[in-house]
1. By per-residue mean of other Cβ atoms within 10 Å, what is the highest-first order of 275-286, 436-447?
2. With charges only on Cβ, +1 for K and R and -1 for D and E, what is the dipole size of the chain about its Cα centre, in debye, rounded to 20?
3. At 1.4 Å probe radius, can you tell me the per residue accessible area of segment 430-489 in Å²?
4. Using a cut-off of 13 Å between alpha-carbon atoms, which aspartates and glutamates can reach LYS76, once sequence neighbours fewer than 8 places away in the same chain are excluded?
5. Using packing as a proxy for protection, rank 616-625, 334-343 so that the peptide with the highest average count of other Cβ atoms within 10 Å comes first.
6. Could you check what % of the DSSP bridge pairs in the chain are antiparallel, to the nearest 5?
7. What aspartates and glutamates sit close enough to LYS471 to cross-link, taking a C-alpha to C-alpha distance under 13 Å and skipping anything fewer than 8 places away on the same chain?
8. State, to one decimal in nm, how far the label point of LYS448 lies from the label point of SER547, with both points 7 Å from Cα in the Cβ direction.
Amino acid sequence: MGNALVHRAFSSSAKLLAATAMIALWSIPSAAQTAPTDLGAGEIEIIDDIEETEPEDEVIDAAEPDERPLESLKGKAPPLPDLTGIIKNKSWAQAAGKALFWDQQLGSDTVACASCHFRAGADPRVTNQLNPGLNAGDKTFGSSAGTGLMASGQPAGPNITLKPEDFPFRKLLNPNNAKSQVLFDTNDVSASPGTYAGDYIGTIERPKQRPRATNTDRCKMTTDEVFNIAGHGTRKVEPRNTPSVINSVFYHRNFWDGRANNLFSGVGVFGRRDIRNDPAARLLVLKPDGSVALQNVRLDNASTASQAVGPLLSDFEMSCTSRAFADIGRKMMAQQALKLQAVHVEDSLFGVGSPIGDIVSASRIGLKYTYADMIRQSFAKRFWAAPGRYKFVTDADGSVGLANDPAGYTQMELNFPLFFGLSVMLYEATLISDDSPFDRGQLTALQKRGKELFEGKGKCIACHDGPLFSKAAHVSHDGKQPKLVERMAMGDGKTSLYDNGFYNIGVRPVQEDLGVGGTDPWGAPLSFSKQWVLGRKADSFLVDPCSFDVPFPGQETVGCSGGAVPSGINLRDERLAVNGAFKTPTLRNIALTPPYFHNGGQATLQQVMSFYNRGGDFSSPTKSPDITQLGLTAGEQDALVAFMQSLTDERVRCSRAPFDHPELLIPDGHKADTVKKDGRLADRLRVLNATGAAGYPANRCPDNTGNLFDMARNINGFPIK
């Protein structure tokens with residue numbers, strides 16, 4: 001479809017149907033309004049029947065080999081959507097995305113996106129980082145034996161400071177033998193603190209402060225049954241470890257379980273699933289005739305936009321319960337960007353020499369513009385220029401329409417998830433680390449030995465291949481999808497279908513966390529392979545049975561197109577290897593992003609190598625076949641760690657452009673003896689100073705050791721507010 005901007009209409013009573021174009025708009029009947037005539041891009045094409053074609057009929061494969069060599073990332077672009085007719089100034093959108101990503105006004109409890117992604121795009125804190133295993137249904141912290149203790153012997157619970165002796169979370173007498181005596185085990189997760197418990201009421205405008213930690217949302221505070229000390233609330237901790245956002249634009253799907261959809265609809269995490277299941281999940285789009293229609297964008301290869309909007313409404317991450325996107329839009333659009341945080345005068349996107357010129361305020365606190373100003377510079381008028389205020393109205397048949405309401409929200413406020421998702425995606429598209437010693441071909445002898453082991457005896461390349469060191473990540477192949485469904489023999493020798501790039505490696509028992517084997521909020525499978533065998537596709541994806549590692553018997557008789565399988569094959573009888581499978585993370589900058597795995601249960605790269613050397617910690621029939629005892633010597637494990645250290649980009653390590661950033665206040669546990677008026681424990685805050693394009697001096701950059709506690713010592717050097 002090239003650069004065409006295709007808008008598809010459906011009646012207000014119709015169900016959401018699939019769209020065709022790489023960029024499209026789904027729409028329902030509009031409400032007439034007075035509006036400017038200059039709407040940015042050209043006229044909108046209306047297609048009456050959006051069920052005419054499916055996107056998967058347009059393309060077939062990505063022409064990617066099954067075995068992709070390890071190679072430099074230099075010169076390789078991420079797959080991104082065509083934003084013609086939506087973004088009018090990419091540089092302004094990137095600047096808006098960076099400001100929004102780092103702005104502490106965004107979260108209900110002063111939590112920015114960057115609060116969990118401030119070091120190499122990840123989170124190396126060690127205080128108040130413990131979740132008791134809520135995904136496994138466990139609300140009790142500590143040992144699986146019920147002692148209430150961590151491996152170090154300290155009492156488990158909220159606000160503890162983890163110790164080196166607490167790792168790994170499954171401790172064996174012989175770390176290289178999975179069958180040796182278990183000294184300690186817990187299903188607890190080392191993750192990131194987010195919000196306190198509370199129900200959203202409204203927004204409070206506070207006086208400007210520096211540095212500040214004052215909440216700008218008004219919430220009815222409650223005490224969470226798990227995250228409290230003697231009835232005093234602590235920040236809730238997420239149920240999975242925080243992955244890095246650096247290079248995340250190369251993933252077809254995001255989050256550990258892949259729920260951040262490749263398709264961004266402009267309104268949520270789950271692509272067209274959001275729109276099918278919520279009639280009010282709509283954007284307001286201004287038409288050339290001055291009317292306003294309820295529509296949705298369809299943007300493929302935009303999983304980072306889908307991911308970006310997820311934490312905004314999560315009452316574990318950034319929001320009081322029941323806050324809406326429009327509430328955030330109302331709060332943020334009127335605000336001076338970053339108005340309570342210092343910004344370096346040489347910031348690569350805001351300061352002297354930036355693509356849009358110097359927009360840092362004269363006080364060096366915040367930017368010169370409001371978020372509304374930045375959105376107007378970034379996006380086509382059709383998404384923000386409608387006058388008036390609106391509310392959604394629900395008809396008797398369950399359909400949703402639009403009505404004028406003086407007490408309602410503006411178009412700009414209602415379209416906040418579109419602005420946020422796309423601007424953050426474009427900012428994150430600048431966070432590509434492609435200048436490591438590996439990329440420059442400057443490996444030491446030990447690192448070269450590690451690379452040989454990585455590609456051979458260590459079997460690492462089986463999952464961590466290509467320039468991103470991840471089967472789940474792909475460089476741009478215009479108009480084509482990568483291989484997303486695969487069939488191969490699993491650990492027990494029997495074949496299974498699975499989602500390519502998502503593997504069960506035996507970190508924890510399958511039943512504790514289903515990963516990509518789980519479902520969305522409406523009960524539909526996240527897994528592509530599960531959708532395929534059930535014959536109920538919630539997502540747009542291709543299946544090419546001819547490319548399977550283990551094809552179906554007789555596949556050659558039916559060819560390869562359209563996912564056809566031989567007549568004797570009943571897909572519903574096929575075994576699936578999706579439960580307990582998680583996205584393969586990139587290994588770039590891995591030495592800067594401990595703790596490791598989806599449960600954060602390994603504190604060092606040495607512990608990770610022991611895990612793989614013993615063949616993982618838990619067995620299951622559908623465990624990845626490459627997770628076996630490796631027989632690596634201590635020296636070989638050291639060589640593999642050295643090779644992984646060669647994947648660190650010095651710009652990332654020292655927060656140099658494009659990885660520079662504004663000031664950030666980071667909650668680092670609670671003051672156990674300080675209770676606030678609302679009954680919560682007060683934060684202990686550390687100040688991450690702003691950097692410009694030159695980054696930190698060498699003596700302030702974190703060590704490239706792959707050790708969580710080396711990273712934590714660097715954080716402990718930050719001043720306390």
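The values are calculated or read from the model by the stated rules, or taken from the named source; none is laboratory data. Note that the coordinates shown come from a computational prediction; the quantities given were computed from them, not determined experimentally. Virtual Cβ from ideal backbone geometry, glycine too; neighbours counted across all protein chains shown. For accessibility, only protein heavy atoms count, side chains too; no ligands or nucleic acids. Shrake-Rupley method; radii C 1.70, N 1.55, O 1.52, S 1.80 Å.
1. Working: 275-286: 21.4, 436-447: 15.9.
Packing order, densest peptide first, comes out as 275-286, 436-447.
2. Details: 76 positive and 81 negative charges, 434 e Å.
My answer is approximately 2080 debye.
3. Working: 2290 Å² over 60 residues.
With all protein chains present, segment 430-489 gives 38 Å² per residue.
4. ASP434, ASP435, ASP439, ASP478
5. Working: 616-625: 19.0, 334-343: 21.9.
For the peptides 616-625, 334-343, the packing ranking is 334-343, 616-625.
6. 85
7. Output for LYS471: GLU64, ASP66, GLU67, GLU486, ASP499.
8. Distance between the two pseudo-spin positions: 3.5 nm.
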